[in-house]
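Trainee: After the structure tokens below, expect a handful of questions from me.
The values are calculated or read from the model by the stated rules, or taken from the named source; none is laboratory data. Everything quoted here is computed from the prediction, not taken from an experiment. Here the Cβ is made from the backbone with ideal geometry for all residues, glycine too, and neighbour counts use every protein chain on show. Just the protein is used for accessible areas: all its heavy atoms, side chains included, with ligands, DNA and RNA removed. Shrake-Rupley method; radii C 1.70, N 1.55, O 1.52, S 1.80 Å.
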Amino acid sequence: MRLHINPLLLPSLAALAVFLLFLRLGFWQLDRAEEKLALQTGYHNHINAAPVDLGRAAQQRYQAARMHWRRCILEGYYDPHRTYLLDNQVYRGQVGYQVFSRFMLQDGASVLVDRGWAAAPETRSEAPQIDAAAGRLILTGVAKPVPVTGIELAPDVTENMGGNLVRVQRIDLAQVAAQTGWTLLPYVVRLDPDAAGALVWNGTEPGFNRERHLGYAFQWFALAATVLVIYVVLYRKKRRATNTAGS
């Protein structure tokens with residue numbers, strides 16, 4: 001007894017598998033678009049909410065998820081003894097540093113503030129001139145996640161550049177705390193352009209790219225539809241050829 005296998009079975013199964021795969025990828029991109037929409041909505045809700053006075057919101061200020069992208073008011077003093085230069089930061093085609101300084105709040109808590117960008121001198125061994133405002137200050141800015149930019153060349157790499165300047169490849173709050181003994185809030189505050197001690201302002205909103213995911217979803221669904229159309233056309237041709245040969 002000969003086992004007869006329908007010649008259309010394997011191509012049909014293959015087409016179905018590819019069709020379902022493309023559909024799944026399309027729906028996955030739609031899910032990613034919804035996630036980005038939720039992030040974007042949360043960002044705008046936070047950035048437009050009333051500012052948080054970090055000197056008074058003692059409990060809330062340690063909750064990073066609640067503080068990210070909230071506008072902040074800081075009252076206290078710059079620490080003049082140590083400033084971090086995040087290496088390899090390019091602004092308008094020029095190489096420089098993102099500058100982070102410790103700001104001590106009135107009640108003893110501390111936060112790293114992102115003061116902005118400073119151009120790098122011509123020689124790498126030369127330190128830029130970074131001054132900080134002295135005395136009691138009231139600053140405004142936006143709490144944001146610790147930057148993930150920067151290239152980590154090796155663990156715990158810091159370069160003392162003289163004075164109070166330390167060049168780093170990455171801002172790691174846990175590492176900073178271990179090296180200095182500071183207790184830091186779990187985020188950084190990007191200073192407003194007009195805040196005392198602010199440098200060249202290069203702040204941007206976080207990129208959500210929701211439209212890109214919608215575009216990818218459309219492409220996957222279009223490919224699924226193309227597979228379906230091709231399969232239907234070839235299936236009909238094959239059936240007609242089979243029927244003609246059998247008659």
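Trainee: If I model a spin label as a point 7 Å beyond the Cα along the Cα-Cβ vector, how far apart are those points for PHE218 and GLN60 in nm?
Mentor: Each label point is offset 7 Å from its Cα along the Cβ direction, giving 4.0 nm.
Trainee: Oh, and also: Given the chain, what percent of its DSSP beta bridges are antiparallel, to the nearest 5?
Mentor: Taking every DSSP beta bridge within the chain, about 75 percent pair in antiparallel fashion.
Trainee: I would also like to ask the following. Taking only DSSP H segments of four or more residues, each worth -39500 (n - 2.57), what value at 222 nm results for the chain once the sum is divided by all its residues, to the nearest 500 deg cm²/dmol? Show your work: numbers first, answer last.
Mentor: Numbers: 4 runs with 88 residues, N = 247.
Theoretical 222 nm ellipticity from helices: -12500 deg cm²/dmol.
Trainee: Same structure again: Put one equal scatterer on each alpha carbon of region 62-201, apply the Debye formula with no solvent term, and list log10 I(q)/I(0) at q = 0.09, 0.20, 0.21 1/Å to two decimals.
Mentor: Ignoring solvent entirely, the Cα scatterers give -0.24, -1.32, -1.46.
Trainee: While we're looking at this one, here's another question. Would you calculate the separation in nanometres between label points at THR158 and LEU39, each defined as 7 Å from the Cα along the Cα-to-beta-carbon direction?
Mentor: If labels sit at THR158 and LEU39, their model points lie 3.0 nm apart.
Trainee: While we're looking at this one, here's another question. Please compute P(r) over all alpha-carbon pairs of region 1-147, binned at 5 Å starting from zero, and give each bin as a whole-number percent.
Mentor: That works out to 2, 7, 12, 12, 11, 11, 9, 7, 5, 4, 4, 3, 3, 3, 2, 2, 1, 1, 0, 0, in percent per bin.
Trainee: Give a residue-ordered list of calculated ³J(HN,Hα) values for region 71-80 (Karplus: 6.51 cos²θ - 1.76 cosθ + 1.60, θ = phi - 60°; whole Hz; x for Gly, Pro).
Mentor: After applying 6.51 cos²θ - 1.76 cosθ + 1.60, I find 5, 10, 10, 10, 10, x, 9, 6, 7, x Hz.
Trainee: From the phi of every residue in region 174-189, what ³J(HN,Hα) in whole Hz does the Karplus formula 6.51 cos²θ - 1.76 cosθ + 1.60 yield, where θ is phi - 60° and glycine or proline is x?
Mentor: Result, rounded to whole Hz: 5, 5, 4, 5, 5, 6, 10, x, 6, 10, 10, 5, x, 6, 10, 10.
Trainee: With unit charges on the beta carbons (Lys and Arg positive, Asp and Glu negative) and the dipole taken about the Cα centre of the chain, which residue among VAL232, PRO147, TYR78 sits farthest to the positive side?
Mentor: After comparing all options, I get VAL232.
Trainee: Right, next: Across region 114-126, in residue order, what do the Karplus-derived ³J(HN,Hα) couplings come to in whole Hz, using 6.51 cos²θ - 1.76 cosθ + 1.60 with θ = phi - 60° and x for Gly and Pro?
Mentor: Couplings: 8, 7, x, 10, 10, 5, 7, x, 5, 9, 5, 6, 8 Hz.
Trainee: Could I ask something else about it? Of the accessible area of the chain, with the probe set at 1.4 angstrom, what percent is carbon plus sulfur?
Mentor: Of all accessible area on the chain, carbon and sulfur atoms account for 58 percent.
Trainee: Rounded to the nearest 0.05, what FRET efficiency do ILE47 and GLN179 give with R0 = 30 Å and r taken as the Cβ-Cβ distance? Could you check?
Mentor: Working: r = 32 Å, r/R0 = 1.06.
Result of the calculation: an efficiency of 0.40.
Trainee: While we're looking at this one, here's another question. Quick one: which residues, 5 or more positions from SER110 or on another chain, have an amide H under 5 Å from its amide H? H modelled 1.01 Å from N in the peptide plane, none for Pro or chain starts.
Mentor: For SER110, whose amide H was placed from the backbone, the distant partners under 5 Å are LEU105, LEU185.
Trainee: For region 97-204, with every protein chain kept in place, what is the accessible area per residue (1.4 Å probe, Å²)?
Mentor: Heavy-atom accessible area per residue stands at 46 Å².
Trainee: To continue, here is another question. What is the pair-distance distribution P(r) of region 141-230, computed from all Cα-Cα distances in 10 Å bins starting at 0, with each bin given as a whole percent?
Mentor: So the P(r) values, bin by bin, are 12, 27, 27, 12, 12, 7, 2, 0.
Trainee: Under the 0.36 nm per residue contour assumption, what length would be gained going from the current alpha-carbon distance of ALA17 and ASP192 to full extension? List each step's numbers first, then the result.
Mentor: On the way: separation 175, 0.36 × 175 = 63.00 nm, distance 5.32 nm.
Result for the pair: 57.7 nm of gain on full extension.
Trainee: Find the relative contact order for the chain and round it to a whole percent, using C-alpha pairs within less than 8 Å whose residues are 6+ positions apart.
Mentor: Reported as a whole number, the value is 25 percent.
Trainee: I would also like to ask the following. Quote the convex hull volume per residue of the chain, based on C-alpha atoms, as a whole number of Å³.
Mentor: Taking only Cα atoms, the chain has a hull volume of 219 Å³ per residue.
Trainee: While we're here: Counting other C-beta atoms within 10 Å, and keeping those with at most 12, which DSSP coil trypsin sites (Lys or Arg not before Pro) do you find in region 25-127?
Mentor: Answer by residue number: ARG92, ARG124.
Trainee: What is the distance in Å between the Cα centres of region 89-127 and region 31-66?
Mentor: 24
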